[in-house]
Amino acid sequence: MRPTLTPLAREADCAIATLATEIEDPLELLAPQVVKIALAIHPGETIGRALCFSRAAIPAGTGKHYHHVGMYTYRREALARYVHLPRGILEQRESLEQLRAIEAGMRIDAAVIQTEPLGVDTLADLDRARTLLAR
């Protein structure tokens, strides 16, 4: 089963599924262009409940931190509901659309994957992508 579908198959209450990778680079933890997830995940598990998304380092303290990989799978009824929701307060503050769903009480679970896909969020990322494509 594909990682983005697994949370939906595992938890009937899960409305939206997404992906995460563990943050290993301390600079990534501090970078505002990297969206972090406060993920409630038990040791040894690969799926957890997303409690919050932020551009700041969350949660506080020691332990694993997770980078959000912006791919989603929705249950049909969840997507139909989501598209009609107004932008929430947290979404407006953070400029993160997934906070709209959380503010509306929708459950988002994340599957932790090992390989982070290449994201292009900054000019430095674009340069790196161009270098890789030129090879």
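Okay, here's what the table says:
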quantity: Extension gain from GLU97 to ARG76, taking 0.36 nm per residue of separation minus the Cα-Cα distance; calculated: 5.8 nm
quantity: Range of Cα positions in the range 16-96 per principal axis (Å), largest first; calculated: 37, 30, 18
quantity: Estimated dipole of the chain in Debye, rounded to 20 [Cβ of Lys and Arg +1, of Asp and Glu -1, Cα centre]; calculated: 340 debye
quantity: Length gained when the stretch LEU29-ARG10 is fully extended (0.36 nm per residue, less Cα-Cα span); calculated: 3.9 nm
quantity: Whole-Hz ³J(HN,Hα) from phi, Karplus 6.51 cos²θ - 1.76 cosθ + 1.60, for the range 18-27, glycine and proline x; calculated: 8, 10, 8, 10, 6, 7, 10, 8, x, 5
quantity: Fraction of beta bridges assigned by DSSP in the chain that are antiparallel (%, nearest 5); calculated: 80 percent
quantity: Student exercise, the range 1-69 dipole from Lys, Arg, Asp, Glu Cβ charges, in Debye to nearest 20; calculated: 140 debye
quantity: Under the Karplus curve 6.51 cos²θ - 1.76 cosθ + 1.60, θ = phi - 60°, whole-Hz ³J(HN,Hα) for the range 35-52, x wherever Gly or Pro sits; calculated: 7, 9, 10, 7, 10, 7, 9, 7, x, x, 8, 10, 9, x, 8, 7, 8, 6
quantity: Residue exposure sequence - CYS52, CYS14 - by fewest surrounding Cβ within 10 Å; calculated: CYS52, CYS14
quantity: Listed residue (SER54, TYR82, LEU27) projecting farthest to the positive dipole end of the chain, Cβ model; calculated: TYR82
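Since every read-out is calculated from the coordinates, none of them should be taken as a lab result. Remember, predicted model here, so these are calculated numbers, not experimental data. Neighbour counts run over all protein chains shown; Cβ positions are idealised from the backbone, glycine included.
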